[in-house]
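Colleague: I have a structure here, written as C-alpha cells, and I will follow up with some questions on it.
The values are calculated or read from the model by the stated rules, or taken from the named source; none is laboratory data. This one's a predicted model, so the numbers in the text were calculated from it and none came from an experiment. Cβ: placed from backbone, ideal geometry, glycine included. Neighbour counts: every protein chain shown.
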Amino acid sequence: MNAQDPKILPLDQDAAELFVRRLQGEWTARDQADLDARRARDPPFAEAFARAESSWASLDDHSASAEVMRHREAALAFARRANAQRWTHAHRGVRKPWGLVAALAGIGIAIGIAWQLSPYAYVSGQYETRLGEQRTLDLEDHSRITLDAMTKVRVRFSKDVRTISLIHGQAQFNVAHDPARPFKVIAGDREIVAVGTVFTVEYADQQVRVAMLEGKVAVLDESAQARGPHAASSAPSAPARPIELAAGEEMRVSANGNAVVTPKADLEAATAWRDGKIIFRSEPLDEAIRRVNRYSRLQIDLQAGTLGSSRISGVFEAGDTQGFVDAIERYLPVTVDVTQADRIQLRAR
Amino acid sequence: MLIRFEHMKAATVAEMLGISVSAVNKHLASAVAALTADRDGGDRQ
C-alpha cells in the first residue's frame, strides 16, 4: 500500500507522517508545540493523529501472532540479503580474485566453527524412522517432535527461525513458545508457522494434512507466493493470504492444491497413531492402505481401478496388517491374493 | 517490521537497504496510514 491507495485518507497520511517524524526522534519542543496547536484548532486532524497512535500501539497485540512472525522473519531475511548484497557490491573490483576467495574461505570456516559451537548446532540434521518405528526428538528449545513410522524430517535452527522440513510421513509438533523465533514446518509447498502450539502434520503423496491440538498456526501457500501477484493467468490475482488454524481445526490440502478446513476436526483420529492405533472415518481405501503400510513389513498392493476411492471406517492396531485386510475383505468386494511372504494384493472382485 | 518489532533505527534500516532515512520514514508513514485505513475500513462502510 502507498499514499495513492484510495483507502488512505490524505488526513491519515498527513497525520501518519507527523507521527513517524515524532517517533524517530527528530522532534523538538517547538515541533511538539506546533502539533499541540494544530490538534487544538483542527479536531479532524487530532482524531487522525490519535488513529495513527492507536494503530501503532495495536501492533503490540499481534507481535507474536503467527502471521506477524512470518512477516518479521521475511523482513529480517530481506534485510540480511540486502545488506549482504551491499557489501558484495561495495567491494567489487577492489579485491584481487584470490584475495576474495581467501577471504570468503576464511568467513566460511569462521561460520562453520561458530555454527558448531552454537547452542543450536546439535539439533540440526536429518531424522527418520523406519517401518513401525516411532521416535521423539527433544529439541534444544524444549520443543518436541514425535515422528510416526516411515517419517523423515530435517531440523534446522538459527538465531531467527526454527525450521523443520517434513520430507515425508507424519509428525506431531509441541512447539515451545519463543516470540523471537518462529517455528516453521515446511510440507511440500505449504509452510506452517507457529509460535507456541501443538499440532500434527502429515505429508504423503503430495497431500498435506494439518490438525491443531492447541494454539494457532498460519499456513502459507509457498507455491502461490512464488507465483506472485502477476502469475500467468487470465487475470492478475493477489498472493494467497495465510490460512489461520485454531485448536480443534484441521486443514487438508489435496495434491492439486485445494485446501479444505474442517472447523471441528476429528482429533482423535488425527492423533491415534501416537497410541499405536489407526482410525479411519470414511477414508478412501488407497489412503488407508498407505497409512497401514507405514507400520508393517507386510505390504498391501491395491490393484489400479475404482476400488481406491471406496470409503472405509474402523479402528485398527498399527502393524496389524492382516487384521486390516480381513476387515476389508469382509466389507468390500475384493479378492485377496498373497503374492509373496511380505506382499498382499487386493483387487476388485 | 524491522523498526516496529526488531527495534531498529530508521538510519540502520536505511543503511541496510541502501535508501535514504527519509525514504524509510516515508515507507513507515505509509504503512501506519494503511494500517489505520485497514482498521477503520469496517467503521467507514
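Colleague: Mind listing whichever residues of the stretch A:188-208 are more than 16 Å from A:Ala269 (Cβ to Cβ) and of a type in the set (Ser, Thr, Tyr)?
Modeller: Once the filter is applied, which keeps residues that are more than 16 Å from A:Ala269 (Cβ to Cβ) and of a type in the set (Ser, Thr, Tyr), the stretch A:188-208 yields A:Thr197, A:Tyr203.
Colleague: So which residues in the stretch B:16-45 are more than 8 Å from every other protein chain (Cβ to nearest Cβ) and not aliphatic (A, V, I, L, M), if there are any at all?
Modeller: Correct list: B:Ser20, B:Ser22, B:His27, B:Gly42, B:Asp43, B:Arg44, B:Gln45.
Colleague: Among the residues of the stretch A:17-26, is any within 27 Å of A:Ala246 (Cβ to Cβ), modelled with pLDDT of 75 or more and either in contact with a strand residue (DSSP E or B) (Cβ under 9 Å, 6 or more places away or on another chain) or facing chain B (nearest Cβ under 7 Å) (or both)?
Modeller: no
Colleague: Right, another one. Of the numbered conditions (1) within 13 Å of B:Ala37 (Cα to Cα); (2) more than 9 Å from every other protein chain (Cβ to nearest Cβ); (3) at pLDDT 90 or above, A:Gln4 fails exactly one; give the number of that condition.
Modeller: Every condition holds for A:Gln4 apart from (3).
Colleague: Which ones in the stretch A:325-349 are outside any strand (DSSP E or B), over 36 Å from the mean Cα position of the chain (by Cα) and of a type in the set (Val, Ile, Thr)?
Modeller: Restricting attention to the stretch A:325-349, the residues satisfying the condition of being outside any strand (DSSP E or B) are A:325-333, A:341-342, A:349.
Imposing the further condition that a residue be over 36 Å from the mean Cα position of the chain (by Cα) reduces the set to A:326-327, A:329-333, A:341-342, A:349.
Matches in the stretch A:325-349: none.
Colleague: Could you please tell me which pairs satisfy a Cβ distance under 8 Å, a separation of 6+ or placement on different chains, a first residue in the stretch A:134-156 that is free of Cβ contacts under 8 Å to residues at least 12 places away in the same chain, and a second residue that is surrounded by 17 or more Cβ atoms within 10 Å (Cβ to Cβ)?
Modeller: A:Thr136/A:Ile145; A:Thr136/A:Thr146; A:Thr136/A:Leu147
Colleague: Then there's this: Please find, within the stretch A:289-324, the residue that is farthest from the chain's Cα centre (by Cα) out of those that are under 14 Å from A:Ala272 (Cα atoms) and part of a loop (DSSP other than H, G, I, E, B).
Modeller: Top of the filtered list is A:Gly319.
Colleague: Which one is farthest from A:Ser55 (Cα to Cα) among residues in the stretch A:3-25 that are of a type in the set (D, E, K, R) and assigned to a loop (DSSP other than H, G, I, E, B)? Let's see the steps before the verdict.
Modeller: Step one: filter the stretch A:3-25 for residues of a type in the set (D, E, K, R), giving A:5, A:7, A:12, A:14, A:17, A:21-22.
If we keep only those that are assigned to a loop (DSSP other than H, G, I, E, B) too, we end up with A:5, A:7.
Numbers: A:Asp5: 17, A:Lys7: 15 Å.
My answer is A:Asp5.
Colleague: Looking at the stretch A:36-53 only, could you name the residues that are touching a Lys or Arg at 6+ places or on another chain (Cβ under 8 Å) and of a type in the set (D, E, K, R)?
Modeller: As a first pass, look at the stretch A:36-53 and keep what is touching a Lys or Arg at 6+ places or on another chain (Cβ under 8 Å): A:45-46, A:49, A:51.
Selection gives A:Arg51 alone.
Colleague: May I pose another question? Quick check on my filter: what residues within the stretch A:175-218 are polar (S, T, N, Q) and surrounded by 21 or more Cβ atoms within 10 Å (Cβ to Cβ)?
Modeller: Residues of the stretch A:175-218 that are polar (S, T, N, Q), as a first pass: A:197, A:200, A:206-207.
Residues satisfying the conditions are A:Thr197, A:Thr200.
Colleague: Could we say that B:Arg4 is at the interface with another protein chain (Cβ under 7 Å from one of its Cβ atoms), touching a helix residue (DSSP H, G or I) at 6+ places or on another chain (Cβ under 8 Å) and assigned to a loop (DSSP other than H, G, I, E, B) here? Steps first, answer last, please.
Modeller: Values: at the interface with another protein chain (Cβ under 7 Å from one of its Cβ atoms): yes; touching a helix residue (DSSP H, G or I) at 6+ places or on another chain (Cβ under 8 Å): yes; assigned to a loop (DSSP other than H, G, I, E, B): yes.
Here the answer is yes, as B:Arg4 does meet what is asked.
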